[in-house]
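Data block below; observations after.
The values are calculated or read from the model by the stated rules, or taken from the named source; none is laboratory data. Treat the numbers as computed from the prediction; the structure is a model and nothing was measured. Using ideal geometry, Cβ is built from the backbone for each residue, glycine included, and neighbour counts are taken over all protein chains shown.
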Amino acid sequence: MKLRLIPTLFVFCFALSLATAIPAFADVSVLEVIDVTRDGIQETGLPEINDQNINGIPDEWEKEFKLSPGQTAADSDQDSDGFTLIQEYEAKTDPTDPKSHPKYITQVFVSAISRQRITGLELVSVEMKKSDKKDWIADFAVIRNNRKRNEFVRMNVGTFKNNDVEFRLLDLEVDEKTKEPVAYIQRVGRDERIPCRVKQPVYDPLIRVRFQDALADRTFIVSTTEAEFKLGTAKTGEETYKLVSADVSNMEAVVKSVGEKPETVTIRRLPRPNPDVVTGDDSDDRGASGEKSE
Ligand SMILES: [Ca+2]
Ligand SMILES: [Ca+2]
């Protein structure tokens, strides 16, 4: 009996010491946290915001739209327009009106850009010494009958062929930034300006951009020849855009809204890596993950 009492007593004493130590310690930390929160707000001079359910949205704003403060979650979407309460609060749109919301284009990102290289064609050099621009000459390397040859072309004089496609030299200029010469060519019968730089690949002006609509969780492809693309629905209001250009090196696309007040918007790359990369034999495809794949 004595032998069993000693360990029991020891355990009891140890438990007692813990029981007194832990609550004391726990109380202090809880008190400290409350203190810091309260004092932090007052001492830094930030205005006190009434926010019953701590969803980051002032109760005042929720009451303005007859929403019940304390019941609305920051990620709830009362009017089913696709935007959450916090997004609508930050954009100062009406969370109860599906037609009032941040622009859908703010939720669109570039996930890939693809363009096609014009094979065989290369600007070798330019001769821009003569005073009359008409006499300036561009030397192009082309492929004809499966053989590489050179074409010396004067502006607006005749045409030249590469792989059976007929081209015309439209203009010769010096790039203001790089001070490098640029020859602008055009496929006969088309309305286009294809820039060619010395010893650089030449690309078809048609660019395809794959966009990721983060809100609708879908991807769609738009090319520079397409008329328009739409976002949203009839219920939430439609936004119409046209792809203006795309920059492969920065993975950015420029779109212009179609409507009464046209607006130009630069769309940036997808912020997170996308595992789905577009590839092609003869194209210069860049996926958001192409450079950032894990
Ligand atoms: Ca909403
Ligand atoms: Ca809304």
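On the given criteria, is VAL142 at pLDDT 95 or above, within 20 Å of the chain's Cα centre (by Cα), away from ligand 2 (no atom under 16 Å from the Cβ) and within 30 Å of THR225 (Cβ to Cβ)?
no
Out of everything in the stretch 174-197 that is hydrophobic (A, V, I, L, M, F, W, C) and either crowded, with 17+ Cβ neighbours inside 10 Å or not assigned by TED's automatic domain parsing to the domain that holds LYS129 (or both), what residue ends up being nearest to SER245 (Cα to Cα)? Among residues in the stretch 174-197 that are hydrophobic (A, V, I, L, M, F, W, C) and either crowded, with 17+ Cβ neighbours inside 10 Å or not assigned by TED's automatic domain parsing to the domain that holds LYS129 (or both), the one nearest to SER245 (Cα to Cα) is ILE194. Beta carbons closer than 7 Å, at least 6 apart along the sequence or on distinct chains, pair a first residue in the stretch 176-199 that is over 15 Å from TRP136 (Cβ atoms) and in contact (Cβ under 8 Å) with a residue 40 or more places away in the chain with a second that is assigned to a strand (DSSP E or B) and of a type outside the set (Asp, Glu) for ILE194/TYR184; ILE194/ILE185; ILE194/GLN186; ILE194/PRO205; ARG197/LEU123; ARG197/VAL182. Exactly one residue among GLU64, GLU88, GLU127, GLU60 is surrounded by 20 or more Cβ atoms within 10 Å (Cβ to Cβ) and acidic (Asp, Glu), and that residue is GLU88. Would you say THR119 is β-branched (Val, Ile, Thr) and within 16 Å of ligand 2 (Cβ to nearest atom)? Criteria not met by THR119. State all residues of the stretch 77-103 that are of a type in the set (Val, Ile, Thr), within 11 Å of ligand 2 (Cβ to nearest atom) and either assigned to a helix (DSSP H, G or I) or under 23 Å from the mean Cα position of the chain (by Cα) (or both); if no residue qualifies, say none. Hits for the stretch 77-103 are THR84, THR93. In the set (1) farther than 30 Å from VAL209 by Cβ; (2) surrounded by 20 or more Cβ atoms within 10 Å (Cβ to Cβ); (3) more than 9 Å from ligand 1 (Cβ to nearest atom); (4) acidic (Asp, Glu), the condition left unmet by GLU122 is number (1). Scanning the stretch 59-76 for residues that are touching a residue at least 12 places away in the same chain (Cβ under 8 Å) and in a loop (DSSP other than H, G, I, E, B) gives PHE65, LYS66, LEU67, PRO69, GLY70, GLN71, THR72, ALA73, ALA74.
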